[in-house]
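Here is the structure we will look at.
The values are calculated or read from the model by the stated rules, or taken from the named source; none is laboratory data. Here the structure is a predicted model, which means the values were calculated and not measured. Here the Cβ positions follow ideal geometry from the backbone for every residue, glycine too, while neighbour counts run over all protein chains shown. Ligands, DNA and RNA are stripped out before the accessible areas are found, and what is left, the full protein with its side chains, is counted by its heavy atoms. Shrake-Rupley method; radii C 1.70, N 1.55, O 1.52, S 1.80 Å.
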Amino acid sequence: MTIMRLRLSLAATSLSLVAAVSAVARAGYPPAVSPAALNAAKIEAIKSFGAPSGEVASQNVADAYYLGGKYDVARARHLKFLNQYPASPLAEKSEYYLADTSYRLGIYAESLLVAEAFVAKYPSSRYAGHAHLFRALSMFKSERYTEGLTAFGYYLNRHRVAGLDETAKVYVAESWFQRASYKEAAVEFRGLLAAYPKSSSKALAQFRIGEILLRSNNPADSRGELEKILSDPEMSPEFKSKALYMIAESHYQQKNYRSAAKCYKRIIDDFARYGEAPHARLGLAWCHLGERDYQSARAAFSAFSAKYPRHWASADAAYLAAICVYLAGDNESAASDFAGFIKSYPSSPRSADAYYYTGHAKYRAGHFAEAAEIFKNFAKKYTANGLKEYADFMRAECLYKTAEYDLARRHYSEFTERYPASGLADDAYYKIALCHLKRMDLALAASVLADVTSKYPSTETALSARLALAEVLFAQGKKNEAFDALKGAYLKHRGASAQFLIDAQTASLYAKSLEWQKAADFYESALNVTVSSSAAREETSLSYALCLVNLGRRADARKALARLLSSENVSTAAEALFRMAEADFDERDYKSASAKYEKIVSAHPSARSAPQAMFRLGEIAKQDGDLSRAYDIWADIVEKYPYSPVGAQTLAEAAQYLRDNKKYDKALSVYSKIESSYLYTDLARGASLAIAGIHRETGNSGLAAEKYERIVSAAPPAHVAAEAAFALAEIKAERDETSASPKKTRAASAFLKVAADYPDTDFAAESIMRASAIYDAAGEKSLAKEMKDRLAGRYPSSAPAARLAVEAARVKMNAREYSAAIDILGPASAGRSEDSARAQKMAGDCYFKMSRYSEAAVEYLKAVYLFRNYESIASEAQFLAAKALELKKDRREAVNAYRRTVDFFPGTLWAAEADGRIKELSK
């Protein structure tokens, strides 16, 4: 967007340059006295007056300065004359020359006023015709074109001056042109060509006709008119340069970049001395850019800046040179070039954009932490810049990429609050859902995705959200709801692309359900849709082939995969080969599979499936009993593909296996490998925590504490630092318990520090709870109570607070103090833990015990819809909601609620009970 605006500004400047140096600007108005008088001798004549006195002498002095071209002095002399001799019969002449000199000095408002006053005062003056012309010219110069046309018409119809008709008609044509009345302007300019074929205005008229045709979106005819200038030997090189430039622009506008480039080159070679040459160099660079020849475009923009360092467009050209590198995908060089631009042109308006794109180049190069810092600084420094909105969004994107999901979610949320009408708001909401999804908080992810589809129902993001929502619902075990979501997507999103994506996602979920025939049917439906993305189509073809394999149609699958082996996309071809190898592997044809896997590794080492192929080769080696080779191959995955999820998964599973089997030395070795190979990832941070955990498990609490301290000092994401700090507090508590020291409560301070340092993590509430337990064990009952009150006050919906609330509420319920119990349960039910779910359900129990069945049903249903993932609680709550409705004598709603128990929670005890009640109520 920024680049296009820059191109338009350069083009507009080029056109305005043409207009500025046109014949109209040069024509002016011929002096009332012969030009032969304009010489130094006339200036010398002033001296012959000596010390003039009297009216005639005073006016002669003013005339002399006028004839010498000293219009400012002449104007002053005529004003002085009018002040001294206001009633003089010579005043008429001075009043006229006051209008004349004011015009020549560019004081158009004054010239207009004086000329209008003159013609009103002296309608029959010998200067009246000239005054009327000056009046019209002053209107033109003041950009009052419509009024000027009327004034020129009045002059031409009533007050013509011999020899000045052509000048007036030129301005008439130009007035029509400047007010964008191109049809009328073309008529006037063509009339000029017919009436004055040999005049000095011929070039201007011919040029304007060509320009009008171009502005009227008729580039071919425009070029025909402009070519007349090029072929006319009487035309000046200056106008030929302008005509050629306009022809080049017409080709550029039609995206005929090669033709445009030829014209620009001709200007550079044949008309280098004229004003169009620099712009032709820029035009040539734009042609290269239009053809996506970024290397040549960069060279051309850079050459312009070097050749014309003081040109107004020099900084823009240098900026565009960096943009070309960015567009070419050379992100490292682009970041460097943008930084160089900022250093060379610190005051350029483009420096802010360059700083933004430095961050974007860093982001695309994978330097997410650096990019995040740049976007952060950009937003602080350029608060009024139009790219600030994008910088704020990109900062959140960087945090997402570095797996800082909690922090990323916060920034996405702030973005939606700050820019609710932004075109990126829907993307930000969608990414909030993905952050929840990355944290495996499926319920929140589903909630936010549903919000996206509600707020932005017909957008592409809404379609992505619906597809993701189906995936989440499926992962929650809500298979029917997942497919219902996809059916709803068909109704909301029309078009081939949407149908393709929905069909493919539906097929994917059926494949995950192992319903291979249905999956194959939907994949076939997707593949029958014409879409522009060949990559998406090929990916779907690969998945379709997998379905065929699982349907036992291996021959068809191999045919489908064989077609993909010839794909222009190397990655797709490698993936097809991998799927064929997988088919061999499943059939235990390890020899054939091994050959294919090895081909992928050797011929397509950068393919997505290459690390998976290496993993399979390790498995085959293990099958053959060659464990040494298997482990060597798997170790190579980490060396060759340090960021591959296959390598990470292999090592992480191996490390966990070793730890679970108490093979701590080997586990420590593997975790250390993960820690060094996957820097700044959740996997590496998890490995660090695991290493410290192993030290604790093996009794090396000192080493564990040192490791936890290093984790905290590295300033990792808050949840990681909090876990490490919490573990340190636990170690301190363990030491206090076994020591002879009477200070048994020192660990409580450590836990409280965790709560203070990481107040937004789950460990904050847990730490306060642990501090309370320590004080309680030490007999410090008041401090223990204070901690519980703090927990209830600061984290009322946390899991520890919910546990306390549930215990307290049970005491009240046993005492039949149900209202008091409800008050206690309210804050606890606002959380997301199992105890929060239990608190919500207990609120329903309280109302039920008080025979307030309507309220009971509402509270039970809240437990169902807010805590569906806690099936044992939710299923009972759904049943009890139905029971409450039954006792309320709402038979129909009760039956519906019992049915929902059966539908939502099949196979549970409460579903069986509900089925019995349905039968009973249906009698």
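Got a sec? Charge dipole of the chain, +1 on Cβ for Lys and Arg, -1 for Asp and Glu; which of 148, 312, 831 is way out at the positive end?
Looking along the dipole axis, the top candidate is 148.
Straight-line reach from residue 70: which lysines have Cα under 22 Å away, leaving out those fewer than 8 places along the same chain?
The reachable lysines, counting only those whose Cα sits under 22 Å from residue 70, are 42, 47, 80, 93, 141.
So which trypsin sites (Lys or Arg not before Pro) in the stretch 843-896 pass both tests, a DSSP loop state and at most 10 other Cβ atoms within 10 Å of the Cβ? Provide the component values of the computation, followed by the final result.
Details: sites: 849, 852, 862, 868, 883, 888, 889, 891, 892; in loops: 852, 868, 888, 889.
Hits after loop and neighbour filter: 889.
How high is the relative contact order of the stretch 567-641, in percent, counting Cα pairs under 8 Å that sit 6 or more residues apart? Working shown, then result.
Working: 76 pairs, mean separation 18.0, N = 75.
After rounding, I find 24 percent.
According to a simple spin-label model (label point 7 Å from Cα along Cα-to-Cβ), what is the distance in nm between residue 588 and residue 308?
Result for the modelled spin labels: 7.7 nm.
So if each residue of separation counts as 0.36 nm, and I subtract the Cα-Cα distance between residue 200 and residue 164, what length gain in nm does that give?
Details: separation 36, 0.36 × 36 = 12.96 nm, distance 1.30 nm.
The span from residue 200 to residue 164 would gain 11.7 nm if fully extended.
Taking 0.36 nm per residue of separation and subtracting the Cα-Cα distance, what length does fully extending residue 535 through residue 410 add? Could the numbers behind the result be given before it?
On the way: separation 125, 0.36 × 125 = 45.00 nm, distance 3.34 nm.
Gain in length upon complete extension: 41.7 nm.
What is the gain in length, in nm to one decimal, between residue 439 and residue 636 on full extension, counting 0.36 nm per residue of separation less the C-alpha to C-alpha distance? Please report the intermediate quantities before stating the final value.
Values: separation 197, 0.36 × 197 = 70.92 nm, distance 2.98 nm.
Difference between extended and current length: 67.9 nm.
Please give the FRET efficiency for residue 854 paired with residue 663, using the beta carbon to beta carbon distance and R0 = 56 Å, rounded to the nearest 0.05. Walk me through the intermediate numbers first.
On the way: r = 60 Å, r/R0 = 1.07.
The value I calculate is 0.40.
Relative contact order of the chain, please, whole-number percent, based on alpha carbon pairs below 8 angstrom and at least 6 residues apart.
Numbers: 1231 pairs, mean separation 24.2, N = 923.
Reported as a whole number, the value is 3 percent.
What three numbers, in Å, describe the spread of the alpha carbons of the stretch 802-921 along their principal axes, ordered from the longest?
39, 28, 18
If DNA, RNA and ligands are ignored and the probe is 1.4 Å, what is the ranking of 251, 719 by accessible area, most exposed first? Mind dumping the intermediate values first?
Values: 251 30, 719 50 Å².
Largest accessible area first, the residues go 719, 251.
Please report, as a whole percent, how much of the solvent-accessible surface of the chain comes from carbon and sulfur atoms (probe radius 1.4 Å).
On the way: 22820 of 44420 Å².
Carbon and sulfur atoms account for 51 percent of the accessible area of the chain.
Of the options 66, 177, 514, report the single residue whose Cα projects farthest towards the positive end of the charge dipole of the chain (beta-carbon charges: Lys, Arg +1; Asp, Glu -1).
After comparing all options, I get 66.
Efficiency by 1/(1 + (r/R0)^6): what FRET value for residue 603 and residue 476, r their Cβ-Cβ distance, R0 = 41 Å, to the nearest 0.05? All intermediate terms of the calculation are to be shown ahead of the outcome.
On the way: r = 41 Å, r/R0 = 1.01.
Efficiency at R0 = 41 Å is approximately 0.50.
Can you give me the accessible area per residue for the chain, using a 1.4 Å probe, in Å²? Please report the intermediate quantities before stating the final value.
Working: 44420 Å² over 923 residues.
Here the residues of the chain average 48 Å² of exposed surface.
So what is the 222 nm mean residue ellipticity for the chain from helices alone, if each DSSP H run of at least 4 adds -39500 (n - 2.57) and you divide by all residues, rounding to the nearest 500 deg cm²/dmol?
Values: 50 runs with 710 residues, N = 923.
Value at 222 nm, helices only: -25000 deg cm²/dmol.
How would you order 199-207, 95-103 from highest to lowest mean count of nearby Cβ atoms within 10 Å?
Numbers: 199-207: 21.6, 95-103: 24.7.
The densest-packed peptide leads the list: 95-103, 199-207.
Going by the alpha-carbon gyration tensor, a ≥ b ≥ c the square roots of its eigenvalues, is the chain rounded (a/c under 1.5) or, if a/c is not under 1.5, prolate (a/b greater than b/c) versus oblate? The partial results should precede the final answer.
Values: a/c = 2.53, a/b = 2.13, b/c = 1.18.
Verdict is prolate for the chain.
Starting from one equal scatterer on each C-alpha and no solvent at all, send me the Debye-based log10 I(q)/I(0) for the stretch 494-563 at q = 0.13 Å⁻¹, two decimals.
With no solvent term, the Cα-only Debye profile gives -0.32.
Using the Karplus curve 6.51 cos²θ - 1.76 cosθ + 1.60 with θ = phi - 60°, work out ³J(HN,Hα) for each residue of the stretch 166-177 in order, rounded to whole Hz, and write x for Gly and Pro.
Result, ordered by residue: 4, 4, 4, 5, 4, 5, 4, 4, 5, 5, 4, 5 Hz.
Per-residue HN-Hα couplings for the stretch 808-813, Karplus 6.51 cos²θ - 1.76 cosθ + 1.60 at θ = phi - 60°, whole Hz, x for Gly and Pro?
5, 5, 4, 4, 5, 5
Which listed residue (702, 535, 809) has the Cα farthest towards the positive end of the charge dipole for the chain, taking +1 on Lys and Arg C-beta and -1 on Asp and Glu C-beta about the Cα centre?
535
Mind putting a number on the dipole of the stretch 802-921 about its Cα centre? Charges go on the C-beta only, +1 for Lys and Arg and -1 for Asp and Glu, and I need it in Debye to the nearest 20. Don't skip to the answer; put the middle values down first.
Details: 20 positive and 17 negative charges, 44 e Å.
Dipole size: approximately 220 debye.
Please get the size of the charge dipole for the stretch 702-829, origin at its Cα centre, with Cβ charges of +1 on Lys and Arg and -1 on Asp and Glu, quoted in debye to the nearest 20. Intermediate values should be presented prior to the final figure.
Values: 18 positive and 18 negative charges, 60 e Å.
Computed charge dipole of the stretch 702-829: roughly 280 debye.
Using label points projected 7 Å from each Cα along Cα→Cβ, tell me how many nm separate residue 709 and residue 888, to one decimal.
6.1 nm
Please list 837-846, 75-84, 412-421, 125-134 highest first by mean number of surrounding beta-carbon atoms within 10 Å per residue. Each step should come with its number before you reach the end.
On the way: 837-846: 26.0, 75-84: 17.5, 412-421: 15.5, 125-134: 21.2.
Answer by packing, highest mean first, reads 837-846, 125-134, 75-84, 412-421.
From the phi angles alone, apply the Karplus equation (6.51, -1.76, 1.60; θ = phi - 60°) to the stretch 178-184 and give each ³J(HN,Hα) in whole Hz, x where the residue is Gly or Pro.
For the stretch 178-184, the Karplus-derived couplings read 5, 8, 6, 8, 5, 4, 5 Hz, x marking Gly and Pro.
Which value, in debye to the nearest 20, gives the size of the charge dipole of the chain about its Cα centre, when Lys and Arg are +1 and Asp and Glu are -1 at the Cβ?
Details: 124 positive and 110 negative charges, 307 e Å.
The dipole magnitude comes to about 1480 debye.
I need the GluC sites (Glu not before Pro) found in the stretch 132-219, filtered to DSSP loop residues with at most 15 other beta carbons within 10 Å of theirs.
On the way: sites: 143, 147, 166, 174, 184, 188, 211; in loops: 143.
Hits after loop and neighbour filter: 143.
Can you give the convex hull volume per residue for the Cα atoms of the stretch 769-850, as a whole number of Å³?
Details: hull volume 6.7 nm³, N = 82.
Hull volume over Cα atoms, normalised by residue count, gives 82 Å³.
Taking only Cα atoms, what is the 0 to 90° angle, nearest 10, from helix 834-849's long axis to the longest principal axis of the chain?
So the inclination is approximately 70 degrees.
Would you mind checking 438/732; 343/640; 518/596; 591/640; 381/438; 512/666 for any pair whose Cα atoms are more than 26 angstrom apart?
On the way: 438/732 32 Å; 343/640 38 Å; 518/596 30 Å; 591/640 24 Å; 381/438 32 Å; 512/666 35 Å.
Flagged as over cut-off: 438/732; 343/640; 518/596; 381/438; 512/666.
Using a/c under 1.5 as the rounded threshold, could you call the stretch 445-567 rounded, prolate or oblate? The axes a ≥ b ≥ c are square roots of the C-alpha gyration tensor eigenvalues, and prolate needs a/b larger than b/c, oblate otherwise. Don't jump to the answer; show the numbers that get you there.
Numbers: a/c = 2.68, a/b = 1.59, b/c = 1.69.
The shape class here is oblate.
So what is the orientation-averaged projected area of the stretch 567-641, using the convex hull of its C-alpha atoms, in nm²? Intermediate values should be presented prior to the final figure.
Details: hull surface 17.8 nm².
For the stretch 567-641, the mean projected area of the Cα convex hull comes to 4.4 nm².
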